[in-house]
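Peer 1: One structure follows; several queries about it will come next.
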Amino acid sequence: MQEELKVIKDVFKDYKGNGEILNCKIKAINIFKKANKLNIELQSINFISINEIMDFEEYLKDRFLIETVETIIFYEKETQIPSISSTW
C-alpha cells in the first residue's frame, strides 16, 4: 500500500512563506552530513516561482544548518509552466 505524501505546510509548520510551495507534496528528503547538503524532492500541480523556491531553500539552510540545499520539483502533466523569458 502506497503512503500518502505529506505537504510542506504540514511538515514545516514554522515556515512563514506563502504561495504555491506550501501545497507541494514531499516525495523525498535526504541529508548528506559529510557534504553538508540537503536534497528535497517535491511534487506540485501548480507552477512554483523561483523566488518561492529560494525562500524555502534559505529557510531549510537556517533550520538545519545546512550549507547547500538542492530542490527538485516534479510537475504534474497538466501543470502550465511559463516560458523562461516571461518569468524574467
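The values are calculated or read from the model by the stated rules, or taken from the named source; none is laboratory data. The structure displayed is predicted, hence computed values, not measured ones. Counting neighbours? That spans all protein chains shown, and the Cβs are built from the backbone with ideal geometry, glycine included. Just the protein is used for accessible areas: all its heavy atoms, side chains included, with ligands, DNA and RNA removed. Shrake-Rupley method; radii C 1.70, N 1.55, O 1.52, S 1.80 Å.
Peer 1: Within the accessible area of the range 1-80, what % is carbon and sulfur when the probe is 1.4 Å and the other protein chains stay in place?
Peer 2: Looking at the range 1-80 in its full context, I get 49 percent from C and S.
Peer 1: For the Cα atoms of the chain, what angle does the longest principal axis make with the long axis of helix 50-64, in degrees from 0 to 90, nearest 10?
Peer 2: With rounding to tens, the tilt is 10 degrees.
Peer 1: For the chain, what is the accessible area per residue in Å², given a 1.4 Å probe and the full set of protein chains?
Peer 2: Per-residue accessible area for the chain comes out at 75 Å².
Peer 1: I would also like to ask the following. Just from its helices, what would the mean residue ellipticity at 222 nm be for the chain, if runs of 4 or more DSSP H residues each count -39500 (n - 2.57) and the sum is divided by every residue, rounded to the nearest 500 deg cm²/dmol?
Peer 2: Rounded to the nearest 500, it is -7000 deg cm²/dmol.
Peer 1: At a Förster distance of 35 Å, what's the computed FRET efficiency of E3 paired with S83, Cβ-Cβ distance as r, to 0.05? Intermediate values should be presented prior to the final figure.
Peer 2: Numbers: r = 35 Å, r/R0 = 1.01.
The computed FRET efficiency comes out at 0.50.
Peer 1: Next up: Using only the C-alpha atoms of the chain, find the volume of their convex hull and express it per residue in Å³.
Peer 2: It comes to 113 Å³ per residue, whole-number rounded.
Peer 1: Taking a temperature of 20 °C and a viscosity of 1.002 mPa s, what whole-number D in µm²/s does Stokes-Einstein yield for the range 44-88 with Rh from Kirkwood over alpha carbon pairs? Write out the running numbers ahead of the final one.
Peer 2: Details: Rh = 12.0 Å.
My calculation gives 178 µm²/s for D.
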